[in-house]
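The values are calculated or read from the model by the stated rules, or taken from the named source; none is laboratory data. Here the structure is a predicted model, which is why all the values come from computation and not from measurement. Note that each Cβ is placed from the backbone with ideal geometry, even for glycine, and that neighbours are counted across all protein chains shown. Just so you know, the surface numbers come from the protein's heavy atoms only, side chains and all, with ligands and any DNA or RNA stripped out. Shrake-Rupley method; radii C 1.70, N 1.55, O 1.52, S 1.80 Å.
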Amino acid sequence: MKSNLADLGIFGGTPEFDRDLHVGRPNIGDRQALLKRINDLLDRRWLTNDGPLLQEFEQRICQLIGVKHCVGVCNATIGLEILAKAIGLSGEVILPSFTFIATAHALRWHGVTPVFCDIDPATHNLDPGRVEELITGRTTAIIGVHVWGRPCNVDALADLARHHNLKLLFDAAHAFGCSHTGRMIGGFGNAEIFSFHATKFVNTFEGGAIVTNDSELAAKLRLMRNFGFAGLDTVTSLGTNGKMSEVSAAMGLTSLESLEEFVTVNYRNYKEYQQQLADVPGLSLLTFDEDERCNYQYVVLEIDEDAMGITRDQLDDILWAENILSRCYFYPGCHRMEPYSTRYPKASLLLPETERLTNKVLCLPTGTAVGASEIKGICQLIRLSACEGEAVKERMLKQPLRHHSLKSYFE
């Protein structure tokens, strides 16, 4: 492990790791079980269109989280677009800017105006008090995002939605397998959306699901994900192609069988980081409520530049030079991305906590591809950078940096 600044990769030293460590490198699960499912579906020659593996996957999710309906889709973004159309969103919808851009894009794609709301700095989720200030006659819904798998203030948002007669949806992309007051995420609001993208701890290669207890809404969603077909040659509604394929469902079922194993690994990594980083100045590690179920799939730091001596971005560059592909989620915030930054150039004035957080958060590698030895190496690099913060900053300012944007995080 490195103990001298000159050894840091960013100053010309050999990288600590000879392979890239990702924040969300895909979990695979039982490879043989997956290959058996794939061989079976090839033998059946039923590759898509509501096949038996998809039906089983949807049923398993309903059983796991305790909801009536699960509608599997090709990805969570398309899922949100279908849900927005099925539930009749229009006008304005309030949501956080501190989220992945897809949440906003899915609305704008269908002509709905995203209204960005600030967050609670303690939870990183929507601040219900600020939500209420943004409700107008044009507001039709609120979308809460369970960031990092930590639940929104569900009760406060539900009260607002009831009082103002608004739809309430939740982007639960981070929150599969998590609970709120002992109840699994997925059954709140009018509907919730899960992501099963390859980077999520349970994945379907690409995929997502809409879950709801509203039978009428579920029937609409099933029609709309399949072009509006209600029969072989009968189309009864507007629709698109949002179907999940059988091979994706096969991966999903295989992932579900290893869910507890994946959570155990994530929890072990989280506790290892917690122990290793406890005494590092200027750094706080986001914590989870261990009385609730949680997937622990994100290890999230907040960096205090004054106390650490270096900025979040400088630490990010240091780690990337060591092949540690940390991520600055959700920099710079949806409100600073197009088309929203041009449409709302002064939005940042209404989002002070979002502005602060997008410049402080750093996510570290975890998952089944990372173990205790890697975590110790990562933490030693962070400790070295923090303890020599002023010297690191001075040296970094004197040399051109090899900015990590040149390296693909999709590798």
Under the Kirkwood approximation for Rh and a Cα-based Rg, what ratio Rg/Rh is obtained for the stretch 211-292? 1.26
Here the alpha-carbon Rg of the chain over 2.2 N^0.38 Å rounds to 1.02
Taking only C-alpha positions in the stretch 27-106, Rg and Dmax in angstrom work out to 16.7, 49
Please express the Cα-Cα pair-distance distribution P(r) of the stretch 135-220 as a list of whole percents, one per 5 Å bin, running from 0 to the bin with the greatest distance. 3, 14, 23, 23, 18, 12, 4, 2, 0
If each part is reduced to its alpha-carbon centroid, the stretch 170-213 and the stretch 291-362 end up apart, in Å, by 23
Over the chain, what percent of the accessible surface lies on carbon and sulfur atoms, probe 1.4 Å? 51
What do you get for trypsin sites (Lys or Arg not before Pro) in the stretch 257-353 restricted to DSSP loop and a cutoff of at most 10 other Cβ within 10 Å of the site's Cβ? 346
Accessible area of residue 46 in the full protein assembly, 1.4 Å probe (Å², nearest 10): 110
Nearest-10 value in Å² for the accessible area of residue 331, using the 1.4 Å probe: 120
About the Cα centre, charge dipole magnitude for the chain (Lys/Arg +1, Asp/Glu -1 at Cβ), debye: 940
Of every Cα-Cα pair in the stretch 1-62, the percentage lying beyond 19 Å is 60
Check: the stretch 129-205 dipole with +1 on Lys, Arg Cβ and -1 on Asp, Glu Cβ, in debye: 120
Is it possible to state the helix-based mean residue ellipticity at 222 nm for the chain, with each DSSP H run of 4+ residues giving -39500 (n - 2.57), the sum divided by total residues, to the nearest 500 deg cm²/dmol? What is it? -11000 deg cm²/dmol
Highest-fluctuation residue, 303, 78, 101 considered, GNM on the chain with Cα pairs under 10 Å: 101
Taking 31 Å as the cut-off for C-alpha to C-alpha distance, list the pairs among 85/200; 346/376; 376/398 that go past it. 346/376
Give the percent of DSSP beta bridges with both residues in the chain that are antiparallel, rounded to the nearest 5. 55
If N is the number of residues in the stretch 275-406, what value comes out of its Cα radius of gyration divided by 2.2 N^0.38 Å? 1.15
Å² per residue, accessible surface of the stretch 1-66 at 1.4 Å: 60
Just to confirm my numbers, what's the Cα centroid distance between the stretch 40-102 and the stretch 372-398 in Å? 42
For the stretch 80-148, state the average projected area of the convex hull of the C-alpha atoms over all orientations, rounded to one decimal in nm². 4.4
Looking only at lysines whose Cα falls under 19 Å of residue 360's and that sit 8 or more positions away or on another chain, we get 393
Rank 258, 373, 237 by accessible area, highest first, at a 1.4 Å probe radius? 373, 237, 258
Considering every Cα-Cα pair within the stretch 87-194, what fraction, in whole percent, is farther apart than 18 Å? 41
The chain: relative contact order as a whole-number percent, Cα under 8 Å and 6+ apart: 23
